[in-house]
């Protein structure tokens, strides 16, 4: 019987999940904060962890490295609010198996758990691209956009990308790929590899954002037994695993200065030395890197070494976000529907006209990864022949009504209002009628950059109340 650890500061949610999972023959243990979860994991071994992103004492983003360090093989499923798509993308990069959005749907979360545990028990021989994970890499390689297939479209943006891939692939040039999270940077890197002379050699993908300062050197270059506390056996680093082939370093700008110095030596001399090792290992590796930040700007801010930038910048490709490729949206939507139909054993034919219209209007800040997850969820909830609006998440189906006209950013939300008697959002919420209440909450969400926890603080209500109010609005809109 699989053991599932539930980590959520909402005690009601813990109780509901516990009862549901026990009825489905899982052994569960629930805790309400990150500290208790870490303490429990030091003594016990979970087969899977369900963790809320917003805990009272820690975030899911901070929890993931602790879980992966204690139990590298345990899949982690993050529970999150749908508006926090940027957070969801980040936790996937840090090693989460998947994320599910509130409100939770029993069939959806059960399917995700079963799939995660099934893949965990997969005993087939590892492919070269999977060997990095078995060597301690703190993320699973996610084919977020294409499921291993580079889907062609006729959009001018796609045609331009293909031309660049075909131009640079036969060379040994290093390449920088720019693009927002979820835009398909790894898929482009794979295509460059598959169209190169190295196509029969390994392709190793590393997320530099998931590498801690302490372990980055070991992950990239390997270590010898006894090189540091806890190094109980020697380890082959990702560069050595990729020897003869291609290494893809995603979010390269997240590497610390010290690791950048070590990486420069590898790029210049084409050899590595394991931590604690004495001999150099010659390398023949093509390096492709990716970033959602312009490395030229990072260089001038002092965050990225100039000499390393010039070594990598032999060629660059910029992927436009999905919202700038309107003609591609339904092509990918239908592709993801086909894949999900096969996964779930369904035969949904397509999308209603209203859904297609919504998809074309929605800005898709999470790009292809967000589109894929929306379709996976909608397919699960659909019983008819077409996906209808009722199967879409509330924030997407009501995008125009909610007037989400400001993109979420990394800019901190404003400080909480003081008690100086001014007309704060909290005061407005208490004094307004039901009709106007909706707009006050939307204003708070915008001020908080669509962070629901921060919006709840601005309104002086708890997060559960905010979720309940949003659910009520959803029901009211259905009645209109």
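The values are calculated or read from the model by the stated rules, or taken from the named source; none is laboratory data. Please read these numbers as outputs of a predicted model, since none were measured by experiment. Neighbour counts are summed over all protein chains in view; Cβ atoms, including those assigned to glycine, are modelled from backbone coordinates with ideal geometry.
One line per residue, one yes/no per condition, for (1) surrounded by fewer than 20 Cβ atoms within 10 Å (Cβ to Cβ); (2) at pLDDT below 85:
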site: 178; (1), (2): yes, no
site: 186; (1), (2): no, no
site: 193; (1), (2): no, no
site: 211; (1), (2): no, yes
site: 214; (1), (2): yes, yes
site: 220; (1), (2): no, no
site: 223; (1), (2): no, yes
site: 227; (1), (2): yes, yes
site: 235; (1), (2): yes, yes
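On the basis of being farther than 22 Å from residue 180 by Cβ and in contact (Cβ under 8 Å) with a residue 24 or more places away in the chain, does residue 285 make the cut? Yes.
One residue stands out among those in region 385-405 that are modelled with pLDDT of 90 or more and in contact with a strand residue (DSSP E or B) (Cβ under 9 Å, 6 or more places away or on another chain): the one that is nearest to residue 184 (Cα to Cα), which is 387. Here residue 100 does not fit the description of being at pLDDT 85 or above, within 22 Å of residue 210 (Cβ to Cβ) and surrounded by 20 or more Cβ atoms within 10 Å (Cβ to Cβ).
Within region 451-480, the residues that satisfy the criterion of being modelled with pLDDT of 65 or more and outside any helix (DSSP H, G or I) are 451, 460, 461, 462.
To keep it simple, each residue is scored yes or no on (1) touching a strand residue (DSSP E or B) at 6+ places or on another chain (Cβ under 9 Å); (2) assigned to a loop (DSSP other than H, G, I, E, B); (3) at pLDDT below 85.
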| site | (1), (2), (3) |
| --- | --- |
| 370 | no, no, no |
| 374 | no, no, no |
| 378 | yes, no, no |
| 383 | no, yes, no |
| 407 | no, yes, yes |
| 410 | no, yes, yes |
| 415 | no, yes, yes |
| 422 | no, yes, yes |
| 427 | no, no, yes |
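Note on region 269-353: enclosed helices (runs of 4 or more DSSP H) holding 1 or more residues that are outside the structural domain of residue 209 (by TED's automatic domain parsing) are 326-344.
Among the residues of region 23-41, some residue qualifies, meaning at least one is without any contact (Cβ under 8 Å) to a residue 24 or more places away in the chain, more than 24 Å from the chain's Cα centre (by Cα) and within 17 Å of residue 105 (Cβ to Cβ).
Report yes if residue 243 is in contact (Cβ under 8 Å) with a residue 40 or more places away in the chain and under 20 Å from the mean Cα position of the chain (by Cα), otherwise no.
So residue 243 does not fit the description; no.
Here residue 318 meets each of (1) surrounded by fewer than 19 Cβ atoms within 10 Å (Cβ to Cβ); (2) under 21 Å from the mean Cα position of the chain (by Cα); (3) at pLDDT below 90 with one exception, condition (3). Residue count for region 171-192 satisfying the condition of being under 18 Å from residue 267 (Cβ atoms) and within 23 Å of the chain's Cα centre (by Cα): 5. Taking region 145-167 as the range and being within 14 Å of residue 186 (Cβ to Cβ), assigned to a loop (DSSP other than H, G, I, E, B) and either modelled with pLDDT of 70 or more or in the same structural domain as residue 183 (by TED's automatic domain parsing) (or both) as the test, no residue passes. Elements of the type helices (runs of 4 or more DSSP H) sitting completely within region 1-72 and holding at least 2 residues that are in contact with a helix residue (DSSP H, G or I) (Cβ under 8 Å, 6 or more places away or on another chain) and either closer than 21 Å to residue 215 by Cβ or not assigned by TED's automatic domain parsing to the domain that holds residue 101 (or both): these cover 34-43, 60-70.
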